[in-house]
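The values are calculated or read from the model by the stated rules, or taken from the named source; none is laboratory data. For clarity, every value in this text was computed on a predicted model and none was experimentally measured. Backbone-built Cβ (ideal geometry, glycine too); neighbour counts: all protein chains shown. The area values use the complete protein model at the heavy-atom level, side chains included, leaving out ligands, DNA and RNA. Shrake-Rupley method; radii C 1.70, N 1.55, O 1.52, S 1.80 Å.
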Amino acid sequence: MARTAVGALEGRRIVLGVGGSVAAYKAAIVARELMRRGAAVRVVLTAAGARFVGPALFTGLTGQAVASDLFSEGAPEHIALAAWADAAVVAPATADLLGKAAGGIADDYLTTWLLAFPGRVLFAPAMNRHMWSHPAVQRSVGVLRADGVVVLPPVYGALAATGEGEGWGRLPDPVAIVDALGAMLSANGPARRADLPAPHAPDLAGRRVVVTAGPTRERLDPVRFLSNPSSGRMGYALAEAARDRGAEVTLVSGPVQLSFPTGLTVVRVETTRQMLAAVLEALPGADVLIGAAAPADWRPAEVSPIKWKKGDGGEQRIRLVANPDILAEVGRQKGRLIVVGFAAEAGAGPEEALRKLRDKNLDLVAYNDVREPDAGFEVTTNHVILFDRAGGRQEIGPLPKRAVAERILDGVCGLL
Ligand code: CTP
């Protein structure tokens with residue numbers, strides 16, 4: 001079940017662009033869901049969109065005039081509306097809108113508004129499956145992504161128009177669209193398009209990367225578990241950076257409080273043994289495994305099926321058994337796979353990272369001292385020393401975890 005980023009939309013001013021598609025009726029549900037989460041919504045309807053759903057529907061829902069014609073009296077002025085908005089979502093986006101936005105064409109209200117708007121934009125396309133897979137449309141999607149626009153791919157399912165059957169092209173569920181918008185806004189990233197980092201060269205295109213992230217949990221009884229404070233941010237940053245550099249990414253995630261990244265496969269697990277199984281399942285054909293998770297090293301020897309009672313308040317003993325070490329298991333027979341590990345230390349020096357490099361047969365290891373205020377668990381920055389097998393040593397940070405992720409991936413690319 002995808003996590004919802006409810007708080008991210010509270011008080012936000014959102015422009016909802018609606019293109020001409022049978023799926024346009026779902027834009028009304030998107031508007032409702034945005035408002036339910038506390039956002040103020042203004043709708044921009046294209047001429048084609050207005051052939052499918054009328055402006056009265058959106059005026060009724062949002063209590064605001066709908067913008068569709070640049071030259072009509074009484075319509076919100078597009079520069080003023082661009083200054084008003086915090087973010088935009090175009091749902092459904094047509095092939096025509098994707099192409100125009102990618103090409104910088106501004107021949108109606110929505111496309112002109114999109115050029116005048118400096119904030120973050122999410123496109124949720126819906127179209128016939130042959131249109132979606134057409135190289136021209138995929139080119140537009142690539143250009144938009146490189147420009148910092150989030151494109152939420154259509155999903156597989158029954159297509160709205162009669163006779164089209166099933167396929168890729170269906171508009172994602174309105175709640176999933178709003179979740180993705182919330183994730184875009186709640187990410188640590190900048191609010192303005194212009195402040196996004198320059199897109200990285202797609203130097204991981206055609207590569208398959210598996211990343212582990214977050215803690216694992218080992219149950220003691222139905223209401224208690226052993227775990228650690230790993231936030232998952234370093235692993236998520238690595239997975240997103242690898243995705244943005246063109247890799248096909250599988251993110252094996254323990255329980256974390258982060259929004260779901262789009263454009264990669266997320267496998268959610270709870271225990272260390274589940275994490276190992278998910279990694280082994282994802283590895284065939286992979287080029288890189290990055291172990292950014294903090295898997296629990298032990299689990300209770302027995303899990304009580306019923307809740308432990310305090311009873312007389314006496315001593316409670318827990319017997320622990322060792323969990324498998326995921327990286328060590330993979331490292332034993334890794335072939336040409338590049339394996340990257342972290343060494344989260346609290347007291348031990350960098351030599352401990354070098355021991356892990358050897359013992360786990362890693363290619364790279366990132367040492368960090370979790371006691372530092374700007375490194376390790378629960379913070380958005382990290383400060384690491386990256387060691388390789390050839391004796392190379394590079395200090396990275398303190399920097400935002402995404403920037404640290406990029407530098408680690410530079411190291412990976414150097415080995416591939
Ligand atoms: N790791 C793993 N499986 C485990 C434990 C750790 O794959 N059961 C990985 C982590 O993802 C990290 C690396 O191994 O990349 C080192 O983890 P760390 O917690 O620093 O050390 P441990 O190997 O657990 O060793 P120790 O507890 O002795 O420091």
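Summary table below
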{"item": "Amide H contacts of Trp298 (H built 1.01 Å from N, under 5 Å, at least 5 apart or other chain)", "result": "Asn323"}
{"item": "Surface accessible to a 1.4 Å probe, per residue, for the residues of segment 321-413, Å²", "result": "46"}
{"item": "Accessible surface of Arg217 - all protein chains present, 1.4 Å probe, nearest 10 Å²", "result": "60"}
{"item": "Gain on full stretching of the segment that runs from Glu329 to Leu415 - 0.36 nm per residue minus C-alpha separation", "result": "28.9 nm"}
{"item": "Cβ-based net charge around Asp363, under 13 Å, with every Lys or Arg adding one and every Asp or Glu removing one", "result": "+4"}
{"item": "Nearby aspartates and glutamates by direct alpha-carbon distance to Lys26 (threshold 14 angstrom, same-chain neighbours under 8 apart not counted)", "result": "Asp173"}
{"item": "Exposure of Met35 as accessible area (Å², to 10), given a probe of 1.4 Å and all protein chains", "result": "70"}
{"item": "Expected 222 nm ellipticity per residue - DSSP helices of 4 or more, -39500 (n - 2.57), all of the chain, to 500", "result": "-9500 deg cm²/dmol"}
{"item": "Degrees, to the nearest 10: 135-146 long Cα axis against longest axis of the chain", "result": "70"}
{"item": "Carbon and sulfur %, accessible surface of segment 2-195 computed with the full protein complex present, 1.4 Å", "result": "56"}
{"item": "Solvent exposure of segment 2-195 as accessible area per residue, Å², 1.4 Å probe", "result": "44"}
{"item": "Highest-MSF residue in the chain out of Leu226, Leu289, Leu122 [GNM, Cα springs under 10 Å]", "result": "Leu226"}
{"item": "In segment 13-95, GluC sites (Glu not before Pro) in a DSSP loop with at most 13 other beta-carbon atoms within 10 Å", "result": "Glu73, Glu77"}
{"item": "Pairs beyond 26 Å (Cα-Cα), from Lys307/Lys360; Lys334/Lys356; Lys307/Lys356", "result": "Lys307/Lys360; Lys307/Lys356"}
{"item": "The chain - share of DSSP beta bridges that are antiparallel (%, nearest 5)", "result": "35"}
{"item": "Long-range amide H partners of Ile290 with built H, under 5 Å", "result": "Val210, Val211, Thr212, Val340"}
{"item": "From the C-alpha gyration tensor of the chain, square roots of 5λ in Å", "result": "43, 25, 20"}
{"item": "Dimensions in Å of segment 2-195 - Rg and Dmax from alpha carbons", "result": "15.3, 44"}
{"item": "Per-residue HN-Hα couplings for segment 330-343 [Karplus 6.51, -1.76, 1.60; θ = phi - 60°; Hz; x = Gly/Pro]", "result": "6, x, 4, 9, 8, x, 8, 5, 8, 10, 10, x, 10, 10"}
{"item": "Probe 1.4 Å - accessible area at Asp107, Å² to nearest ten", "result": "90"}
{"item": "Backbone HN-Hα couplings from phi across segment 272-277 [Karplus 6.51/-1.76/1.60, Hz, Gly and Pro as x]", "result": "4, 5, 5, 5, 4, 4"}
{"item": "Apportionment of accessible area to carbon and sulfur, segment 230-374, percent (1.4 Å)", "result": "49"}
